[in-house]
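The structure appears right after this line, and notes come after that.
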Amino acid sequence: MSSPQSPRRRDLLRAALAVPALGFLSPRARAQAKLLRLAATRQSLVGAGNPDTAVWTYNGTVPGPELRFKQGERLRIEVANALGVDTTVHWHGVRVPNAMDGVPQLTQPPIKANGGRFTYEFELRDAGTYWYHPHLGSPEQVGRGLYGALIIEESKPPAVDRDVTWMLGDWRLDREARIVEDFGNFMDASHAGRIGNTVTVNGAIRETFELRAGERIRLRLVNAANARIFRLEFRGHDPMLIALDGQPVEPHRPQSGHIVLGPSMRIDLLLDATGEPGRSYQVVDDFYPRRAYRLLDLKYGKERMKGGRAGAPPPKPAPNPLSEPDLAKAQRHRIEFGGGMMGKMPMGMMRGMAWTVNGEPVPDNGHAHEPMLTFALGRSYVLELVNDTQWHHPIHLHGHVFRVITRDGKPTRHREWLDTVLLDPRTRAEVAFVADNPGNWMLHCHVLEHQASGMMAVVRVA
Ligand code: C2O
Ligand code: CU
């Protein structure tokens, strides 16, 4: 089960139109969830005619509720844990105060199983597409369905006809649509992570996404998979990237027409419906060669949309209030990620550790480690992140966003702000940021099985 599985679309029998098409789902409730309740339930992931799948959920569904706020508002959400395991909630990519970061031991005690509660409250300084997920036992907890989108709207959002989120999920199911319970096995941990066999969009296998010719859609893609990387091609369409990890970027076409999304990463697309009414166009994912599959079809209604915005000049969303790193004065550090099968195996292999950061595997036993680096509050830093392995690693820093200034020594075209940078095998990237958020922060690979088997560290801003 270690090599990437081609997602199962049709080898599980299911009735046509079993799952509602995307696009005409009921409009999301504008009223804010004030409570997130974790509980086990069942959901149809694969479609009618197949058994439901036992999943773990926020408020009863996978994904959990899409939380929507305006930039500058305060989020206040109580989390109630009715599951039989401890948990926390991490607000991925949001620059929260340290005590709200949801890292067990390091920033808060775990929210206890069977009735524990914790209230998260913080100001939403940045607009953009974010998400929330547990940061305790995350390979299993995320792998069983605990994730949801957090959308923070600009005060003047770009003019589009529809604003849509696709949360991409990846599941390892057996033929009865049950989750295969081999979480934490060493095979996944030491290779590409838990790559499943069933890809869902907003919690179900989808046949179609319905659109109308002439409309302009802001499509927010969120990769909530434990380990799967997506490389999407929107056949017959020409989407533009307008934000990466929630942060606006100069609108541009993706390199080679493909949209690459590592675990935890987000991309906002401007998708102009330039296709023919009545026709369908495939969205294909071909990240793993020889394992390409159709994610879904873009299905056009018969009617053209009157006054649709497709073809208008791309909007320029206002940047978030991020501090600009001073590259001339920045202090530099090199951080090397090592290990994995086919590499030098770390000493800790015996203890189930497969990966290292600067030569040390850090066990995922509560995250309370001594910081690997201490940054001075307000100072600029350049981190050279080096992937010394044969595997892909999406490296995520908490509490901050960084500019990617070089890749393999070459300046990046867009100097994009990210919170997670995908390092291809044997590559490196330099990222620059101002250490302006005090506290102890995680720096880790977001392949959740890699994080849990050594590829994480703590950095301190003091
Ligand atoms: Cu999305 Cu440390 O995580
Ligand atoms: Cu990794």
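Tabulated data
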item: In sequence order, calculated HN-Hα J values of segment 378-394 (Karplus, 6.51, -1.76, 1.60; Hz; x Gly/Pro); result: x, 8, 8, 9, 10, 9, 8, 9, 10, 8, 9, 9, 8, 10, 7, 9, x
item: Surface share of carbon and sulfur [accessible, 1.4 angstrom probe, percent] for segment 101-191; result: 51 percent
item: Packing-based order for 164-174, 188-198, using average beta carbon neighbours within 10 Å, highest first; result: 188-198, 164-174
item: Largest-first principal axis extents, alpha carbons of the chain, Å; result: 60, 49, 44
item: Relative contact order (%) - criterion: Cα under 8 Å, at least six apart; region: the chain; result: 15 percent
item: Packing rank of 91-101, 269-279, where each peptide gets the mean count of other beta carbons within 10 Å, highest leading; result: 91-101, 269-279
item: Ordering of 393-402, 54-63, 68-77 by packing [mean C-beta count within 10 Å, highest first]; result: 393-402, 54-63, 68-77
item: Probe 1.4 Å, protein heavy atoms only - accessible area per residue of segment 240-327 in square angstrom; result: 48 Å²
item: Global form of segment 121-273, assessed from the alpha-carbon gyration tensor, a/c cut-off 1.5; result: prolate
item: Glu336, Glu416, reordered so the largest accessible area comes first (probe 1.4 Å); result: Glu336, Glu416
item: Dipole of segment 125-237 [Lys/Arg +1, Asp/Glu -1 at C-beta], most positive-end residue of Gly148, Ser190, Leu173; result: Gly148
item: Cα centre as origin, Lys/Arg/Asp/Glu Cβ charges: the chain dipole, Debye; result: 920 debye
item: Viscosity 1.002 mPa s, 20 °C: Kirkwood-radius Stokes-Einstein D of segment 351-462 over Cα pairs, µm²/s; result: 150 µm²/s
item: Long pairs among Lys329/Lys410; Lys316/Lys410; Lys34/Lys302; Lys34/Lys156; Lys70/Lys329; Lys70/Lys112, criterion Cα-Cα beyond 28 Å; result: Lys34/Lys302; Lys70/Lys329; Lys70/Lys112
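The values are calculated or read from the model by the stated rules, or taken from the named source; none is laboratory data. The model shown is predicted, which means the values in this text are computed figures rather than measured ones. Note that we place each Cβ from the backbone using ideal geometry, even for glycine, and neighbour counts take in every protein chain shown. Accessible surface is based on the protein model in full, side chains and every heavy atom, while ligands, DNA and RNA are left aside. Shrake-Rupley method; radii C 1.70, N 1.55, O 1.52, S 1.80 Å.
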